[in-house]
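A short worksheet on the structure shown next.
The values are calculated or read from the model by the stated rules, or taken from the named source; none is laboratory data. Because the structure is predicted, anything quoted here is derived from the model rather than measured. With ideal geometry, Cβ positions are generated from the backbone for all residues, glycine too; neighbour counts draw on all protein chains shown. The area values use the complete protein model at the heavy-atom level, side chains included, leaving out ligands, DNA and RNA. Shrake-Rupley method; radii C 1.70, N 1.55, O 1.52, S 1.80 Å.
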Amino acid sequence: MKVAVVGATGLVGSKMLQVLTERNFPVTELIPVASEKSVGKEVTFKGKGYKVVSAETAIAMKPNVAIFSAGGSTSLEWAPKFAAAGITVIDNSSAWRMDPTKKLVVPEVNGDALTPEDKIIANPNCSTIQMVLVLKPLHEKYNIKRVVVSTYQSVTGTGVKAVTQLMNEREGIQGEMAYAYPIDLNVIPQIDVFLENGYTKEEMKMVNETKKIMGDDHILVTATTVRIPVMGGHSEAVNIEFDKEYELGDVRTVLAATPGVIVVDNPAKAEYPMPKDAHDKDEVFVGRIRRDETQPKTVNMWIVADNLRKGAATNAVQIAEYLLAKNWL
């Protein structure tokens with residue numbers, strides 16, 4: 001099993017190597033790929049050094065699967081070239097997510113949408129992944145009408161430059177800025193660029209991707225996405241309106257029985273999910289489950305996950321595992 005990781009030297013790429021190792025994905029040969037300036041550098045995988053190669057060289061090496069985490073423009077240019085060579089691409093950028101000819105997959109939610117013919121498979125946005133994992137079983141039981149989500153997103157979602165900015169500010173060092181404003185001791189209510197409707201691209205990703213993954217255009221979603229000075233893990237306050245009446249205990253039971261979801265919800269002992277608890281874990285944590293007392297058939301909850309793992313690397317590897325189990329790789 002030859003596995004190419006495109007963007008192997010980046011934050012998510014490094015996490016991808018870690019997750020492949022931890023989950024014992026049967027890699028017989030790793031092909032790390034990065035930009036021209038990184039070619040020749042070495043990455044370590046399972047105690048062995050591998051030289052970084054160019055995308056062109058990687059295609060010639062004929063990997064079974066290529067996991068991309070190198071940004072949208074790289075994916076738009078190179079994913080079709082890998083696919084044309086018969087290599088299955090799992091892409092972590094936004095490049096293919098809303099392409100009607102491509103599947104957008106969270107394996108626990110809609111893995112059954114995949115076929116052997118899918119050669120470019122899109123990995124959803126980090127904040128969408130953790131939310132739909134919780135929404136799916138609730139939608140099946142109660143039929144979701146509307147979702148209002150506000151996110152509290154880690155600087156790691158932006159990348160190394162943002163992590164450096166936060167740490168520089170903590171230490172009083174002047175340095176390169178990933179954001180237009182300081183992030184330490186601050187909150188920035190903008191993730192990605194603003195669109196004509198006044199929402200950011202990140203907010204509209206959550207709206208559109210949720211509908212596509214859930215396979216239901218009738219679900220209304222509105223989002224506010226916010227960057228906070230946290231190092232790892234995205235949090236979300238989610239308000240969900242159902243078509244049917246519910247019991248709080250049943251909602252907890254449904255979620256506790258959902259693979260990949262852990263309920264942490266004990267207000268009496270101040271137990272609820274926090275980013276530091278989700279750090280380096282693959283599960284999605286949910287708590288603060290309570291009835292919306294202003295509106296019928298509506299529930300509030302708090303959802304937390306490690307954005308570099310389930311929100312990116314782990315989900316991509318899980319897609320590869322699904323394909324492998326079907327003998328499609």
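Here is how the numbers come out for the structure above:
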quantity: Entirely in the stretch 237-325, the strands (runs of 3 or more DSSP E) that have 1 or more residues that are open to solvent by 30 Å² or more (accessible area, probe 1.4 Å) and under 21 Å from Thr225 (Cβ atoms); calculated: 284-291, 298-305
quantity: Residue tally, condition surrounded by fewer than 17 Cβ atoms within 10 Å (Cβ to Cβ) and assigned to a loop (DSSP other than H, G, I, E, B), over the stretch 56-72; calculated: 2
quantity: Restricting the stretch 16-55 to residues that are part of a helix (DSSP H, G or I) and at pLDDT 95 or above, the residue that is farthest from Ser154 (Cα to Cα); calculated: Ala55
quantity: Index of the failed condition, Val160 passing every other in (1) within 18 Å of Val187 (Cα to Cα); (2) open to solvent by 10 Å² or more (accessible area, probe 1.4 Å); calculated: (1)
quantity: Residue in the stretch 91-106 that is touching a residue at least 24 places away in the same chain (Cβ under 8 Å) and assigned to a helix (DSSP H, G or I) present; calculated: no
quantity: Residue count for the stretch 97-117, restricted to those that are touching a Lys or Arg at 6+ places or on another chain (Cβ under 9 Å), crowded, with 17+ Cβ neighbours inside 10 Å and farther than 27 Å from Asp192 by Cα; calculated: 2
quantity: From the options Tyr246, Tyr181, Tyr199, residue that is among the aromatic types (Phe, Trp, Tyr), more than 23 Å from the chain's Cα centre (by Cα) and more than 21 Å from Thr298 (Cβ to Cβ); calculated: Tyr181
quantity: Verdict on Ala83 being outside any strand (DSSP E or B) and either modelled with pLDDT of 95 or more or not aromatic (Phe, Trp, Tyr) (or both); calculated: yes
quantity: Residue match in the stretch 118-133 (condition: more than 14 Å from Ile319 (Cα to Cα), open to solvent by 40 Å² or more (accessible area, probe 1.4 Å) and part of a loop (DSSP other than H, G, I, E, B)); calculated: no
quantity: Single unsatisfied condition, Trp78 versus (1) open to solvent by less than 60 Å² (accessible area, probe 1.4 Å); (2) touching a helix residue (DSSP H, G or I) at 6+ places or on another chain (Cβ under 7 Å); (3) not in a helix (DSSP H, G or I); calculated: (3)
